[in-house]
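No value in this document is a laboratory result; all are computed from the given coordinates. Model, not experiment: these values are computed from the prediction. Every residue, glycine as well, gets a Cβ built from its backbone with ideal geometry; the counts of neighbours run over all protein chains shown.
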Ligand SMILES: [Cu+2]
């Protein structure tokens, strides 16, 4: 009786270890020196004034609630720099790497980052409101707080990382 119990307990532990291994973020599964932290996205509803700083006037005019932005921290613990060159997410038709910059006359604008976003060797790059971000356009549905979406990041080195992104109200940051 006790023996059977021990065996089933051991089997349960092994099963849990296997489940935990399968649930580990794919971001760490290829011995990558890159790691992603604190990935989050804006909800589509109730966008505050802060969102406006991440949008061009054209985008504001075209805005029908179907835009969002993803933010995260990307860390490179390796000895060689890499570049984030593209992002895909099943929730949007277009995902572009953008930077916010000061236009002539002082207005803030944003533009696609040409040739990718460099992640320096032994360095960290923060994508955050008013700075670098991944612009989502042509969203296929609303993004609500509490939802989790996925994004696939491709780097110049050929590394690919799948990231879970939590949809959060900006105020909760
Ligand atoms: Cu943008």
**OP:** Examine segment 96-118 for a residue that is outside any loop (DSSP other than H, G, I, E, B), within 15 Å of the ligand (Cβ to nearest atom), more than 20 Å from residue 42 (Cβ to Cβ) and out of contact with any helix residue (DSSP H, G or I) (no Cβ under 7 Å at 6 or more places or on another chain), and state whether such a residue exists.
**Re:** yes
**OP:** Answer yes or no as to whether residue 152 is more than 16 Å from the ligand (Cβ to nearest atom), more than 16 Å from residue 40 (Cβ to Cβ) and assigned to a loop (DSSP other than H, G, I, E, B).
**Re:** no
**OP:** Considering only residues that are free of Cβ contacts under 8 Å to residues at least 60 places away in the same chain, at positive phi and surrounded by 11 or more Cβ atoms within 10 Å (Cβ to Cβ), look in segment 99-140 and name the one that is nearest to the chain's Cα centre (by Cα).
**Re:** 116
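How many residues does segment 70-86 contain that are over 15 Å from residue 158 (Cβ atoms) and buried (at least 20 other Cβ atoms within 10 Å of the Cβ)?
So the answer is 4.
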